[in-house]
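Engineer: Here it is: the structure, laid out below.
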Ligand code: DX5
Ligand code: ZN
């Protein structure tokens, strides 16, 4: 069972961001998840470019960027230059998602689509050959600490059926608890973005939490 662990850095301790990155890196993080928001596609503002640069320079692990912004195609070069290894766009926010996904790959980066809870799989099947990751938003994007939306489970199950045919990895993002990791990794989900439900603001150390989450039986 794969369990790619992706800490959602907008939930990190901003008074000690560099230290948090180093501890998370040592604790076994696979991908650092960076939420960028424009206050238009989502009603919030996530991390800033300086936060991105600080995380990037503090780790050699993979860093992704989750662009919750309108017209993401205008910014993929910028995030590629800033050192993002994986760039997620929301196809709902892009008139030409195929062009943007091609551009991400032409920059030598891995391409991902993040899909809102209300976006059906049938609307994105033509994009599946163009991506390395499909990230299912299991909350309405924009905020940490929300409740898991159960109706997204059927979409996840459909993508598990499709992933072998198109060779992408399935990630989930939003209100992911240890119980959700157990359940979803057993059905074939590969990666988990972790914010306040499973990782941040807990008594245990990052090391204790991540090593427990990576075990097959939580
Ligand atoms: C929400 C972000 C998520 C969020 C996850 O728009 O994309 O990464 O920060 O945090 P929790 O796990 O608290 O929902
Ligand atoms: Zn995210």
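Engineer: Got a number for residues in the stretch 128-138 being more than 10 Å from residue 166 (Cα to Cα) and away from ligand 2 (no atom under 16 Å from the Cβ)?
Structural biologist: Residues meeting the conditions: 0.
Engineer: When residues of the stretch 189-218 are filtered for being within 11 Å of ligand 1 (Cβ to nearest atom) and not in a loop (DSSP other than H, G, I, E, B), how many remain?
Structural biologist: 3
Engineer: A further question follows. Evaluate the stretch 201-214: report whether one residue or more is out of contact with any strand residue (DSSP E or B) (no Cβ under 6 Å at 6 or more places or on another chain), closer than 19 Å to residue 112 by Cβ and surrounded by fewer than 21 Cβ atoms within 10 Å (Cβ to Cβ).
Structural biologist: No, that holds for no residue.
Engineer: Also, quick follow-up: Which condition number does residue 186 fail, the rest of (1) part of a strand (DSSP E or B); (2) away from ligand 1 (no atom under 11 Å from the Cβ) being met?
Structural biologist: Evaluating residue 186 over (1) part of a strand (DSSP E or B); (2) away from ligand 1 (no atom under 11 Å from the Cβ) leaves (1) as the failure.
Engineer: Identify the single condition in (1) crowded, with 19+ Cβ neighbours inside 10 Å; (2) without any contact (Cβ under 8 Å) to a residue 60 or more places away in the chain that residue 195 does not satisfy, given that it satisfies every other one.
Structural biologist: Result: residue 195 passes all but (2).
Engineer: Pick out the one residue from 119, 196 that is modelled with pLDDT of 95 or more and under 22 Å from residue 89 (Cβ atoms).
Structural biologist: Going through 119, 196 in turn, just one is modelled with pLDDT of 95 or more and under 22 Å from residue 89 (Cβ atoms): 119.
Engineer: Since residue 46 meets every condition but one in (1) modelled with pLDDT under 95; (2) within 14 Å of ligand 2 (Cβ to nearest atom); (3) closer than 24 Å to residue 214 by Cβ, which condition does it not meet?
Structural biologist: Looking at each condition in turn, residue 46 falls short on (3).
Engineer: Under 9 Å between Cβ atoms, which residue pairs at least 6 apart in sequence (or on different chains) link something in the stretch 59-74 that is at pLDDT 95 or above with a partner that is in a strand (DSSP E or B) and more than 16 Å from ligand 1 (Cβ to nearest atom)?
Structural biologist: Within 9 Å, the pairs are 62/110; 64/110.
Engineer: For the stretch 163-171, check the following and say yes or no: at least one residue is in contact (Cβ under 8 Å) with a residue 60 or more places away in the chain and part of a helix (DSSP H, G or I).
Structural biologist: no
Engineer: Does the stretch 113-144 hold any residues that are surrounded by 21 or more Cβ atoms within 10 Å (Cβ to Cβ) and either assigned to a loop (DSSP other than H, G, I, E, B) or free of Cβ contacts under 8 Å to residues at least 12 places away in the same chain (or both), and which are they?
Structural biologist: Hits for the stretch 113-144 are 131, 138, 139, 141.
Engineer: Quick one: which residue in 181, 176 is in contact with a strand residue (DSSP E or B) (Cβ under 6 Å, 6 or more places away or on another chain), part of a helix (DSSP H, G or I) and within 25 Å of residue 208 (Cα to Cα)?
Structural biologist: Of the residues listed, the single one that is in contact with a strand residue (DSSP E or B) (Cβ under 6 Å, 6 or more places away or on another chain), part of a helix (DSSP H, G or I) and within 25 Å of residue 208 (Cα to Cα) is 181.
The values are calculated or read from the model by the stated rules, or taken from the named source; none is laboratory data. These figures come from a predicted structure and were not determined experimentally. Neighbour counts run over all protein chains shown; Cβ positions are idealised from the backbone, glycine included.
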